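Q: Before I ask anything, here is the structure I am working with.
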Amino acid sequence: MNARTNQESPYQGRLLIDGQWCDAADGARLERRSPAHDQLVAVYAQAGVQDAQRAVAAARRAFDQGPWPQMKGAERARILRQVADAILVRKQALARMESLENGKPLAQSLAEIEGAADLWQYAASLARTLHGDSYNTLGQATLGVVLREPIGVVGIITPWNFPFLIVSQKLPFALAAGCTCVVKPAEVTSGTTLMLGEILLEAGVPAGAVNMLVGEGSVVGEALVTHPDVDMLSFTGSTAVGKQALAQSAATLKKVALELGGKNPQIIFADCDWEAAVDAVVYGVFFNAGQCCNSGSRILVQDAIAEKFSAAVVERSRHVRVGDPFAEGTQVGAITTHKQLASILAHIEGARRDGAQLALGGARMNRPGLYIEPTVLTGVTRDMAIAKQEVFGPVLSVLRFGTLAEAIELANSTLYGLSAAVWSRDFDTCLTAARRIRAGTVWVNTFLEGHAELPFGGYRESGIGRELGRLATEDYTETKTLHMHLGARADWYLAQA
Ligand code: NAD
C-alpha cells in the first residue's frame, strides 16, 4: 500500500477492442505518475496505428452487422440506465482514479462522477424519444417521412481536465442514437475511461459497440481523425489540435463536432450582488486549478468599483486552500502535467513582461507535486496576450470598463466564444449584455452551472456544434428522406409526346 496515494498497486489498463481487453500489437506500454505525489498510479497498454485499425474495424462490424444499431430504443435505454447505476455503485473507485491521474480534489472528482452518471440517465431518456418527422401535407399522392438514422462509427477524443465527465457528454448520446464508437482518452488520464469500459461490458453493451484505445494523440488520435471508416469525429481539446483535426478530417469528409478552448469573461457591474460576485470570480477561475474550458479567466470590472472589487477578490483568493487532492478540505489540487505547469508559468511571465501587475501568487509552490499559487493579475489591458489567450491554469486577469457598450465590446474581443457571465441587479443590463455576448453559454448572476437539459458548446474558435440538451442525440444521426408515392404516377414520357 502506498501511504500517500493510499493505492494498493498501480492500475493496469489494457485496450478494449471488439469486447476483449488486449495488449498493444507491438507490446508497447505507458506509465502514469500522479501529479500530486509523483507516484506510479497506472500502467497501460499503449495503442499504435495497427490497434486503431483493429478498433475501427470492430466498431464498423458492430455497426454494419449489429446488433446495437438495430436494437429498440427502449432496449438501448435500459442498458444506458444500467451503466448510470453502475457508475454510482463504483463512484468512490472512479473518483479516486480521477484524482490520482488529474490531481483534482477527491470531493470534486466525486461530484464529477455523479454528474456524469446523470448524463447517462438523461441520454437513456433520449434513446427512447429520438424520432424523425412526417409530412402528410404534400398532396394526396405523396407521403414524406424523415428518418433519423445513427450516423455510424464515431471517433471520440477527450482531454485530461474532466476525463470522466467529457466522455459522458459524448458516448451515451452517440450510443443512444445507435452509433458504435472508438474512444481515445487523453493519454495522461485514461484510467476512468477504461473503468467505464468494464462497466459497459457488464451492462450488456455488445462486443465492438464501444472500443477504447489508450495512446498518443498524434498517433492514435490522428488515426481516428483520418480513417475513412470513421463517420463522425467528436473531439474535445485545444483549439490548435481541433483545427488540425478539422483540416485532416476533410480528406474523408466526415462530420466533425468540436468543443475547444475559451477565454471566458465575467462582467461585473457596479450594482452587482457583491459577495456572490466575489465568490463566483474566485470559484470560476480556481476550480479545477483553472484547467477548465469554461474557466472565468478574465473579469471585466466597472470602473466605479474596480479597485475595491479587485482587492476583495485578491483577499479571498489568498485563502483558497491549495493542496493534496486527498486531504480533507482541499479546494484546489495539482496541475495535471509538467507541460501544463510550464505553460502556465510562461503565461504569467509573459503578462508581467507586458506590464500586468502581480497582485497575488505567480509562482510554483514550494512543496512536492505540481502546484501553482492562485494568481491574480491586475492592470491587464486588451492588447496584452494574457487578455486574449487561454492559460488553462489558476490565473485571473482583471480588466476594467466604463459603460455597458464597452463591456460587451471587450467581452467579444477575443477569438473565443465558449461562455461568459453577467453580474448586475438590473434586469435590462443583464439581458442586454447576455443577448449581445457571442458565447454558447451566458450565465446571469451565477457561474459554472450545468444541466443535462441545457446545450453546451462554443461560438467562433471555441468549437463547432453543441452537446447535451434534447437535441444531443440528433447530432449523432444522419437524416434520410423517404419520399413515397401513392396511386398512379403521371408518366413523363407520354406527357412529353
Ligand atoms: P489537447 O488538444 O492537447 O488534447 C486533447 C485530446 O486530443 C487528447 O486526447 C490528445 O491525445 C488528442 N490529440 C492530441 N493531438 C492530436 C492529433 N494530432 N490528432 C488527434 N488527436 C490528438 O488538449 P488537452 O491539453 O488535453 O486539453 C486542454 C484543452 O481542451 C484546452 O484548450 C481546453 O479549453 C479544451 N477543453 C475544451 C472543452 C470544451 O468542452 N469546450 C472541455 C475541456 C477541455
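The values are calculated or read from the model by the stated rules, or taken from the named source; none is laboratory data. Since the model is a prediction, treat every value here as computed from it, not as a measurement. Every residue, glycine among them, receives a Cβ derived from its backbone with ideal geometry; neighbour counts consider all protein chains shown. Note: accessible area is taken over every heavy atom of the protein model, side chains too, but ligands, DNA and RNA are not part of it. Shrake-Rupley method; radii C 1.70, N 1.55, O 1.52, S 1.80 Å.
Q: Report in % the part of the accessible area of the range 265-444 that belongs to carbon and sulfur, leaving out ligands and nucleic acids; probe 1.4 Å.
A: For the range 265-444, the apolar C and S fraction of the accessible surface comes to 50 percent.
Q: Continuing with the same structure: Could you estimate the translational diffusion coefficient of the range 265-444 from the Stokes-Einstein equation, with Rh from the Kirkwood formula over C-alpha pairs, at 4 °C and 1.567 mPa s, in whole µm²/s?
A: It diffuses with D of about 80 µm²/s by this estimate.
Q: Tell me, what is the percent relative contact order of the chain, built from C-alpha pairs under 8 Å that lie six or more residues apart?
A: 17 percent
Q: Starting from the residue with the highest accessible area, list Tyr122, Tyr476 in decreasing order, probe 1.4 Å.
A: The most accessible residue leads, giving Tyr122, Tyr476.
Q: Pairs of alpha-carbon atoms within less than 8 angstrom and 6+ residues apart define the contacts here; what relative contact order does the range 197-322 have, in percent?
A: Relative CO of the range 197-322 lands at 19 percent.
Q: Another question about this same structure. Solvent-accessible area per residue for the range 394-487 at a 1.4 Å probe radius, Å²?
A: 49 Å²
Q: On a 0 to 90 degree scale, rounded to 10, what angle separates helix 106-129 from the longest Cα axis of the chain?
A: Tilt relative to the chain: about 30 degrees.
Q: Using only Cα atoms, locate the centre of the range 12-67 and the centre of the range 461-497, then give the distance between them in Å, rounded to an integer.
A: 37 Å
Q: List the residues, sorted by chain then number, that are 5 or more residues from Val210 or on another chain and whose placed amide H is less than 5 Å from its amide H.
A: Close amide H contacts, sequence-distant or interchain: Cys181.
Q: Take His483, His347 and sort them by solvent-accessible surface of the protein heavy atoms, 1.4 Å probe, largest at the top.
A: His483, His347
Q: Which of the three applies to the range 328-367, rounded, prolate or oblate, going by the alpha-carbon gyration tensor with a ≥ b ≥ c and a/c under 1.5 meaning rounded?
A: Oblate.
Q: Once the Cα atoms of helix 338-353 and of the chain are each reduced to a long axis, what angle between those two axes, in degrees from 0 to 90 to the nearest 10, is obtained?
A: Roughly 50 degrees, rounded to the nearest 10.
Q: Additional query: Work from the charge dipole of the chain (Cβ charges, +1 for Lys and Arg, -1 for Asp and Glu, about the Cα centre) and give the residue of Ala207, Leu253, Gly379 farthest towards its positive end.
A: Of the listed residues, the answer is Leu253.
Q: Still on this structure: Remind me, relative contact order of the range 265-444 in percent, using alpha carbon pairs under 8 angstrom and six or more residues apart?
A: 27 percent
Q: If one takes the longest principal axis of the Cα atoms in the chain, at what angle in degrees, from 0 to 90 and to the nearest 10, does the Cα axis of helix 427-436 lie?
A: Value to nearest ten degrees: 60.
Q: For the range 398-408, just list the computed ³J(HN,Hα) in residue order, Karplus coefficients 6.51, -1.76 and 1.60, θ = phi - 60°, integers in Hz, with x standing in for Gly and Pro.
A: Each residue's phi maps through the Karplus curve to give 10, 10, 10, 9, x, 10, 4, 4, 5, 4, 5 Hz.
Q: While we're on this one: Order of 51-58, 100-107, 123-130 by packing, highest average Cβ count within 10 Å first?
A: Order by mean packing, descending: 100-107, 51-58, 123-130.
Q: Once you wrap a convex hull around the alpha carbon atoms of the chain, what is its projected area averaged over all directions, in nm²?
A: It is 27.5 nm².
Q: Taking every alpha carbon pair in the range 139-251, what does the distance histogram look like in 10 angstrom bins from 0, in percent?
A: Spelled out bin by bin, the range 139-251 gives 13, 44, 28, 8, 5, 2, 0 percent.
Q: Next up: Express as a percent, rounded to the nearest 5, the fraction of DSSP beta bridges in the chain (both residues included) that run antiparallel.
A: Here the antiparallel bridges make up roughly 40 percent for the chain.
Q: Which of Lys72/Lys255; Lys104/Lys255; Lys104/Lys184; Lys72/Lys243 have a Cα-Cα distance over 27 Å?
A: Among Lys72/Lys255; Lys104/Lys255; Lys104/Lys184; Lys72/Lys243, the Cα-Cα distance tops 27 Å for Lys104/Lys255; Lys72/Lys243.
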